[in-house]
Amino acid sequence: MTLRIGKANGLLFVFTLLIVTASRARADDIQWRKGYNDARKEAAEKDKPLLLDFGTENCFWCRRLDLDVFRDKDVIALINEQFIPLRIDGNREARLVEALRIQSYPTLVFAAGDGKILGVQEGYVDAARFLELSRRAATLSATPEVMTRDFQEASRAIAASDFARAVALLKTVVEDGKDRPVQRKAKELLKEIEEQAASRLFRAKQLASKGQKTDAIAAVAELIRVYAGTQAAKEGGQFVAQWTASLDAPVEPRNRKAKDLLAQAREDYRAKQYLGCLERCDMITTHFADLSEGTEAAQLASEIKTNPELMKQACDKLGERLGSYYISLAETYLQKGQPRQAITCLEKVISMFPASRPAEAAQSRLDQIWAQPATTLELKKP
């Protein structure tokens, strides 16, 4: 049997056949997923955004998108590497179409693994525009660099047994409440640290139950120092207050000194003198860890150390102090007739603490030194 068709119809038939064939060919290139739920789960697990291609079988511009865009090698590479792609027939997925308010075809929806919409494109776009839209969506969906860096820093802190720092960093990783892979890992690490801290608190409570409250208080002080920021450390502080009250012992000179230091540390904290507060807290936890003041000091220090803004202020203050010490050392060298050493100290201040008050003072003093006759300094300016 011979199939006979007109010339015009034949051309239309060939054109349609080419489109369908091309569409099927590129489907082999782009790794299209087959179900929305599975695709979204995969996107969450791999921390990749979704690309949802809404269309219908009889949509001309959907087929043009298939033929012109989804066959482009750069598009194919980008989709397969950075997205979880899913083609959706609008006539068969009415609920999804309604939920996403799809009004026309084709419509491209870029979404994060948690379902957040990153971008929507209605209608046909060429390959260049599609790449621009896709790259923008991939950037919006990517795990923030600071989050990855904080997780890596936390991992190193755990390896060094610096659990207080690790807890502070991991909490910043998970604080936005999303479910990125790095955040799931951070939650697992936090859980492990909390379990370790809870184990220590349990042993301290056992000591207290046996009447060894002084030992229990010392154990909790160590818990708060090592695992600051954990729930167990917080609960431990509450237990210490109870145990201390039950001791009802007279205040001895040693206790009085600890109380005085803690009062000064609290006053420093209220006055926003965080460096002074940390120094007093360190002194208390070093010499009075067995007292309730040691526990409270550890908690107060933890509040500062786990707050980036407060720690920055403490570090800046320490920098100013160190800079002033170097300036004093420079003056001592000058009095001893050692100008070279003095200049080294002043240059170190300028280098270590730029744009600070000590740096300005060091530069001013350095200018004064260089203004003196070389015979007085016994050196020449380089």
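Any cysteines in the chain with zero other Cys Cβ atoms under 4.7 Å from their Cβ? List them, or say none.
Singleton cysteines: CYS277, CYS281, CYS315, CYS345.
In the chain, what % of DSSP beta bridges are antiparallel (nearest 5)?
If we restrict to bridges inside the chain, about 60 percent are antiparallel.
Please compute P(r) over all alpha-carbon pairs of region 175-218, binned at 5 Å starting from zero, and give each bin as a whole-number percent.
With 5 Å bins starting at 0, P(r) equals 5, 22, 17, 12, 12, 9, 9, 9, 5, 1.
Gaussian network model of the chain, Cα springs within a sub-10 Å range: biggest mean-square fluctuation belongs to which of LYS205, LYS191, LYS348?
Between LYS205, LYS191, LYS348, it is LYS348 that shows the largest mean-square fluctuation.
In the Gaussian network model of the chain, springs joining C-alpha atoms below 10 Å, which of SER161, SER324, SER199 carries the largest mean-square fluctuation?
SER324
Listing TYR325, TYR333 from the residue with the fewest other Cβ atoms within 10 Å to the one with the most, what is the order? If you can, show how the numbers build up before the last one.
Values: TYR325 13, TYR333 18.
Starting with the residue having the fewest Cβ neighbours, the order is TYR325, TYR333.
Residue separation times 0.36 nm, minus the C-alpha to C-alpha distance between GLU122 and ARG340: what's the value? Please list the in-between numbers first.
Details: separation 218, 0.36 × 218 = 78.48 nm, distance 7.17 nm.
Between GLU122 and ARG340, full extension yields an extra 71.3 nm.
Coordinate-derived values only; no laboratory data. The shown structure was predicted, so the numbers you read here are calculated from the model rather than taken from an experiment. No Cβ is skipped: glycine too gets one built from the backbone with ideal geometry, and neighbour counts run over all protein chains shown.
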